[in-house]
Amino acid sequence: MADELKDKIRAYVVDEYVEEGEDVEVKDDTPLISGGFVDSFSMVSLKLFLETEYGIKIPDEKATAEAFDTVNAIAALVRQYTEA
Amino acid sequence: MSNIGSYDKRRKDFDWSQAREELAYDDAPTKNIAYFLAERNCERGLGDKVALIWENAAGDATRQFTFDQLRLYGNAYAQLLRDLGVAPGERVCIFMDKIPDLYFSFVGILKAGAIAQPLFSAFREDSLFTRLENAQTTAVLTMKRLAGRVRHIRDKLPALKHVIVVDAGGAEAREGETHFDVYAAEPVEAFDIYPAGEETPSVLHYTSGTTGAPKGALHVHGSLVAQYITAKWVLDLRDDDVYWCTADPGWVTGTSYGIIGPWALGTTQLVLELGFMPERWYAAIEKYRVTVWYSAPTAIRLLMREGAEIVRRHDLGSLRHLVSVGEPLNPEAVIWSEDVYGLPFHDSFWQTETGCIVISNYPGMRIKAGSMGKPFPGIEAAVLDAKTFRPVKAGTVGLIALRPGWPAMFRQYWRNEETYHNKFVNGWYICGDRATVDEDGYYWFVGRDDDVINTGGHLVGPFEIESALLEHPAVAESAAVGKPDPVNLEVVKAFVALKPGYEANDKTRLDIINFVRKKLSPIAMPQEIEFMASMPKTRSGKIMRRLLKARETGEEIGDTSTLEDD
């Protein structure tokens, strides 16, 4: 479950936020926000993706830059609500 | 004692010649801004002083550059442009993240006599194209990460002769592109700086309006006089300060007060490549002993949300003056910052067009929490009646207006003379914002006077968003408005009527949101989409954006029949 979740998040991040032709590998601990892939405005679309995909509701105050900064952190956040 | 001392005395005695004298402006060999940022500081004995402390996005590398290095790297960029044949007056776009090259190339472009056109690195193809096409930009300085966006639109930009990638190292350049490594380039000890006059164009910044494409506000080298003295009096910058302006130079704050004003004063600046991230921000203040911090209300409200505990984990004792800009700063934020940092944020007001701070709270002056403050000495401001364009009585809502003539004021909208002239009425420049002024002369922001959306301090035009929405295959009709938001002041909300065969669900919503983000920018991307069966329209078939906006703001719209005739 954990790997599948991370794989899906990673695939979405690469698909949506990494520039075409950009030579980067997004790992589970690659910083997405501090690495310049996702900015604070784009977090809204990432949050909506997670909510739509996993049928959860992430409160705005939990959608912080730190919580969205890596695939690991995002997966932990999703798990918190899917397992709730 | 602050630099400004008594606001009332300064206001009474003020003359721009004071700033000129301090800069030895009239005796300077050139009025070129770059000279004042680099050469003049070296001549004043500040060559070895740190001009820029830069930390990379990952936070694992810091570099420092002196004013002499700023001069030399600026020379290298200027020489590059001259060697490529970029002529004075041509527009050279800086399309980069906040890396040191952004700052060096800004100085270099001005030294070469070209016009610097900084664009926010979050812009995607359509936003980039609109601005490069309008400016007839001849060169773009960019990075590997962003070059693809320029390549995608290059065929449609016949004026664009040079694409220069600054971080490609020794890799071979693609056909039609140039690689430049400022650190490896032949040092240029002396460069023959373009002899700019006060009215020579310097910087072109794009800003959004209600209708049509974004407009390029053109500034001149003479703006320095106002940017220098406002940085000195509002930001209260002194010789031993470490100053941090969190704005990106893709926006006017990032150039006027993230480059020009502070460096004209010889101030050491901190630049973080990183965007907003509370823990890292506080760590940076502590690590680099930041003394003066210029930030934005959205960031401050987000820091409020993070709470006081995270503040207590850091030593922020170096801070001595806090200033805010971009949107009105709510009273709670002023009070909170005083409680938590022991210092209040001082709100300041200005725009791309004004080029410098025009209304502000000053160190030493009583802050009325939630107020924009008072006009800068030398700036005549008023609140005008929207119909007669005459000053209103205290407490009455009207339009913020400024008497033209201060040095940093924009000189034109690029290739858009009519819109420029429409900004002036009865000898006043009309800012496009509504406010009141109280009995004590403090200004209080009420809202925009048009449909432009202010989200997180960035202005976004609804027309640009609506046009992008209509390009999505599912969208039949659209309207974009600013929805009030506790953190960002406003967020973009789109109303969408779908074409037959498309379902109004979260998947469609996400698809449309991502579509706009990739076409324009994350800032212009709707944060919310409401599906409607059809849009309210005027008799002539125009979508009633104002009605939709009133629904969001809770504003009484009254009889809609007048709107129907719009």
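The values are calculated or read from the model by the stated rules, or taken from the named source; none is laboratory data. Keep in mind that this is a model prediction, so the values were computed, not measured. Here the Cβ positions follow ideal geometry from the backbone for every residue, glycine too, while neighbour counts run over all protein chains shown. With ligands, DNA and RNA removed, areas are computed over all heavy atoms of the protein, side chains included. Shrake-Rupley method; radii C 1.70, N 1.55, O 1.52, S 1.80 Å.
Before moving on, here are some points about what is shown:
- Residues whose placed amide H lies under 5 Å from that of B:PHE345, excluding near-sequence neighbours: B:SER337, B:GLU338
- The stretch B:135-229 shape via C-alpha gyration tensor axes, a/c threshold 1.5: oblate
- Euclidean distance of C-alpha centroids, the stretch B:514-553 and the stretch B:201-252, integer Å: 31
- Based on Cα atoms of the protein assembly as shown, Rg over Rh with Rh as the Kirkwood radius reads 0.95.
- Here B:GLU417 and A:ASP7 are evaluated by their C-beta separation; at R0 = 56 Å the FRET efficiency comes out at 0.50.
- Solvent-accessible area buried by pairing A with B, both sides, nearest 100 square angstrom, 1.4 angstrom probe: 2200
- Between B:ARG403 and B:ALA190, the simple label model (points 7 Å from Cα in the Cβ direction) yields a spacing of 4.6 nm.
- Working from Cα pairs under 8 Å separated by at least six residues, relative contact order for the stretch B:86-189 is 25 percent.
- Amide H contacts under 5 Å for B:ILE115: B:GLY89, B:GLU90, B:ARG91, B:VAL92, restricted to partners 5 or more places along the chain or on a different chain, H placed in the peptide plane at 1.01 Å from N.
- Ranked order, A:LYS6, B:LYS144 - accessible area, probe 1.4 Å, largest first: B:LYS144, A:LYS6
- Relative contact order computed over the stretch B:1-141 (Cα-Cα under 8 Å; 6+ residues apart), in percent: 21
- The slack in the chain from B:ASP511 to B:ALA283, taken as 0.36 nm per residue of separation less the alpha-carbon distance, amounts to 78.4 nm.
- When nucleic acids and ligands are ignored and a 1.4 Å probe is applied, B:ARG366 ends up with an accessible area of around 150 Å².
- For the stretch B:436-566, a/c is not less than 1.5, where a ≥ b ≥ c are the root eigenvalues of the C-alpha gyration tensor, and a/b does not top b/c. That puts it in the oblate class.
- Stretch gain in nm, segment B:ARG313-B:LEU470, where the contour uses 0.36 nm per residue and the Cα spacing is subtracted: 51.7 nm
- Label-point separation in nm, B:ALA87 to B:SER6, each point 7 Å along Cα→Cβ: 5.4
- Range in chain B, longest, excluding exposed chymotrypsin sites (Phe, Trp or Tyr not before Pro) [loop by DSSP; at most 16 other beta-carbon atoms within 10 Å]: B:184-388
- Share of carbon and sulfur in the accessible area of the protein assembly as shown stands at 48%, probe radius 1.4 Å.
- Solvent-accessible surface of protein heavy atoms, probed at 1.4 angstrom with all chains present, puts B:ARG301, B:ARG145 in the order B:ARG145, B:ARG301, largest first.
- The DSSP beta bridges internal to the protein assembly as shown are antiparallel in roughly 55% of cases.
- Alpha-carbon centroid distance for the pair the stretch A:18-84 / the stretch B:1-55, whole angstrom: 45
- Each principal axis of chain B carries a Cα extent, and these read 68, 62, 52 Å when sorted largest first.
- Per residue, chain B exposes an accessible area of 37 Å² to a 1.4 Å probe, with every protein chain left in place.
- Across the stretch B:326-411, Cα pairs under 8 Å and at least six residues apart give a relative contact order of 24 percent.
- Contact-buried residues of the stretch B:249-279, at a threshold of 30 Å² lost accessible area versus the chain by itself: B:PHE276, B:MET277 (1.4 Å probe; DNA, RNA and ligands ignored).
- Whole-Hz ³J(HN,Hα) from phi, Karplus 6.51 cos²θ - 1.76 cosθ + 1.60, for the stretch B:276-281, glycine and proline x: 5, 7, x, 4, 5, 5
- Coupling constants for the stretch B:522-529 follow from the phi torsions by the Karplus curve (6.51 cos²θ - 1.76 cosθ + 1.60, θ = phi - 60°), and in residue order they are x, 5, 7, 5, x, 8, 8, 10 Hz; glycine and proline get x.
- Interface residues of the stretch B:501-521, defined as those losing at least 30 Å² of solvent-accessible heavy-atom surface relative to the isolated chain (probe radius 1.4 Å), are listed as B:ASP506, B:LEU510, B:ASN514, B:ARG517, B:LYS518.
- Sequence-distant residues sharing a close amide H with B:CYS245 (under 5 Å, placed H): B:LEU270, B:TYR294
- Estimated vicinal HN-Hα couplings, Hz - the stretch B:387-398 in sequence order (Karplus 6.51, -1.76, 1.60; Gly, Pro = x): 9, 8, 6, 10, x, 8, 6, 3, x, 8, 6, x
- By accessible area with a 1.4 Å probe, ligands and nucleic acids excluded, highest first: order of B:LYS161, B:LYS98, B:LYS483: B:LYS161, B:LYS483, B:LYS98
- Note on A:VAL71: accessible area approximately 0 square angstrom, rounded to 10, probe 1.4 Å, nucleic acids and ligands left out.
- Distance between the stretch B:465-507 and the stretch B:364-387 - C-alpha centres, whole angstrom: 36
- When the helices of the protein assembly as shown are scored as -39500 (n - 2.57) per DSSP H run of n ≥ 4 and the total is divided over every residue, the value at 222 nm lands at -9000 deg cm²/dmol.
- Members of B:LYS215/B:LYS507; A:LYS6/B:LYS144; B:LYS31/B:LYS368 lying beyond 30 Å, as alpha-carbon distances in this model show: B:LYS215/B:LYS507; B:LYS31/B:LYS368
- Computed Kirkwood radius, in angstrom, where 1/r is averaged over Cα pairs of the stretch B:371-438: 12.7
- Dimensionless Rg/Rh of the stretch B:215-274 - Kirkwood Rh, Rg from C-alpha atoms: 0.97
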